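The values are calculated or read from the model by the stated rules, or taken from the named source; none is laboratory data. Values in this document were obtained by computation on a predicted structure and should not be read as measured data. Positions of Cβ are backbone-derived with ideal geometry, glycine not excepted, and every protein chain shown enters the neighbour counts. SASA here: full protein model, heavy atoms, side chains in, ligands and nucleic acids out. Shrake-Rupley method; radii C 1.70, N 1.55, O 1.52, S 1.80 Å.
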Amino acid sequence: MGAEGYVFELERRGYIKAGPYVPEVVLDFPDAVKELHREFLRAGSEVMVALTYYAHREKLKVVGRENDLETMNRQAVRLANEVAREGDALVAGNICNTWAYDPQNVKASSSIVRAMYEEQLGWALEEGIDFVISETNDYLGEALIALEVIQQLKLPAMVTLATVQQNHTRDGYDYVEACKILVDHGADIVGLNCDRGPATMLPIIEHVRSAVSCYVAAQPVPYKTNAQYPTFESLRTSRGEQAFPLLLEPFLCNRFEMAEFARNARAVGVNYIGICCGGAPHYVRAMAEALGRTVPASKYSPAMELHPVLGAQVEEKHREFLADWKS
Ligand SMILES: [Zn+2]
């Protein structure tokens, strides 16, 4: 079990600015980061992902905090470590799409991207990480650079792709084929994260699963994407507005739907099951429990039979709703 969506959740809590989405919270309100780590840990996440998503040179420039680059990265890994030790969690270093990779100018842009990953992961390694998650990769080319840098550091590599487009990465590789190429280059875990909800991520991940023999990861967003609107970026409100990123609430899945995803993912052979943007502790707990686990936060899991009026049938009704929704 993994859990992500730190940037989205801390934005909702008032600690990160939507737009740039730079995790300034790491330096400005470290306790807020630790609290969310702790909530995910209690909910069953076995990995504390250091909040270094978008804490790279390109993005820090946007908010004028390039000088905070090293302290922000180091502090993020420290915070993840502090909370991981409260349980038995692994700590993952985290890198992502840089917005600097240019398929029209691969050679020059690759060296910029590589330098960004090397500095971020160099600091992370010194602070202590167990493995690295390279995620929301729009380009296979950029993902391969990330993989090489992780391998230089002799750390296990989890590399997952963004799936904003219908079938292909932005540099034209079918998602399944791109995962196979990452495996051929030595990735330890491959898969998908972000962009797609359970309904539209699972079919692709099934193909990935049957195409590779290594571990497979799936971390969808908890939104009701569908064949017509396969990504949360494509969802439209009833008035036709783009819902991403600030009008997404009407599309949120409920906890039972995410629990169902966890069961389905395990059934098709996914090894690393998690959640991405929009994720919150109640989903993670429901997913962990669906996988048969009792987690620290299970102490406060629903017990509707103890409600004076509603009673146990309410929880039963929720489950029936889920069955209806599925059919
Ligand atoms: Zn995400």
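Filter segment 215-229 for residues that are closer than 14 Å to residue 261 by Cα, in a loop (DSSP other than H, G, I, E, B) and hydroxyl-bearing (Ser, Thr, Tyr) and give the result.
Passing the criteria: only 225.
Do you know which residues across segment 166-214 are among the hydrophobic types (A, V, I, L, M, F, W, C), outside any helix (DSSP H, G or I) and within 16 Å of the ligand (Cβ to nearest atom)?
192, 194
Could you tell me how many of the residues in segment 237-267 are hydrophobic (A, V, I, L, M, F, W, C), touching a residue at least 60 places away in the same chain (Cβ under 8 Å) and open to solvent by 20 Å² or more (accessible area, probe 1.4 Å)?
2
If residue 44 meets every condition in (1) under 20 Å from residue 297 (Cα atoms); (2) surrounded by fewer than 24 Cβ atoms within 10 Å (Cβ to Cβ); (3) not hydroxyl-bearing (Ser, Thr, Tyr) apart from one, which number is that one?
Failing condition for residue 44: (2).
Restricting to segment 223-249, count the residues that are closer than 29 Å to residue 272 by Cβ and either of a type in the set (D, E, K, R) or in contact with a Lys or Arg (Cβ under 9 Å, 6 or more places away or on another chain) (or both).
11
Test residue 143 against the criterion of being open to solvent by less than 20 Å² (accessible area, probe 1.4 Å), touching a helix residue (DSSP H, G or I) at 6+ places or on another chain (Cβ under 7 Å) and more than 16 Å from the ligand (Cβ to nearest atom), and give yes or no.
no
What are the residues in segment 57-112 that are touching a helix residue (DSSP H, G or I) at 6+ places or on another chain (Cβ under 8 Å) and in a loop (DSSP other than H, G, I, E, B), if any?
65, 86, 87, 89, 97, 98, 99, 100, 101, 102
Can you tell me which residues in segment 202-219 are touching an Asp or Glu at 6+ places or on another chain (Cβ under 8 Å) and open to solvent by less than 10 Å² (accessible area, probe 1.4 Å)?
Passing the criteria: only 219.
Can you run down the residue pairs with Cβ atoms below 8 Å, 6 or more apart or on separate chains, where the first is in segment 81-98 and in contact (Cβ under 8 Å) with a residue 12 or more places away in the chain and the partner is polar (S, T, N, Q) and assigned to a loop (DSSP other than H, G, I, E, B)?
Final answer for the pair search is 89/45; 93/52; 94/52; 95/52.
Given the conditions (1) in a loop (DSSP other than H, G, I, E, B); (2) away from the ligand (no atom under 16 Å from the Cβ), which single one is not true for residue 163?
Condition not satisfied by residue 163: (2).
For segment 147-160, which positions are more than 16 Å from the ligand (Cβ to nearest atom) and open to solvent by less than 10 Å² (accessible area, probe 1.4 Å)?
Correct list: 147, 149, 150, 157.
Find the residue count for segment 1-48, including only residues that are within 14 Å of the chain's Cα centre (by Cα), acidic (Asp, Glu) and within 13 Å of the ligand (Cβ to nearest atom).
Number of matching residues: 2.
Suppose we keep only residues that are free of Cβ contacts under 8 Å to residues at least 12 places away in the same chain and of a type in the set (A, V, I, L, M, F, W, C) within segment 268-307. Which one would you say is farthest from the ligand (Cβ to nearest atom)?
306
Going by the conditions given, is residue 86 surrounded by fewer than 18 Cβ atoms within 10 Å (Cβ to Cβ), within 25 Å of residue 17 (Cα to Cα) and not hydrophobic (A, V, I, L, M, F, W, C)?
No; evaluated as a whole, the condition is false for this residue.
Among the residues of segment 125-138, is there at least one that is assigned to a loop (DSSP other than H, G, I, E, B), surrounded by fewer than 24 Cβ atoms within 10 Å (Cβ to Cβ), within 16 Å of the ligand (Cβ to nearest atom) and touching a residue at least 40 places away in the same chain (Cβ under 8 Å)?
yes
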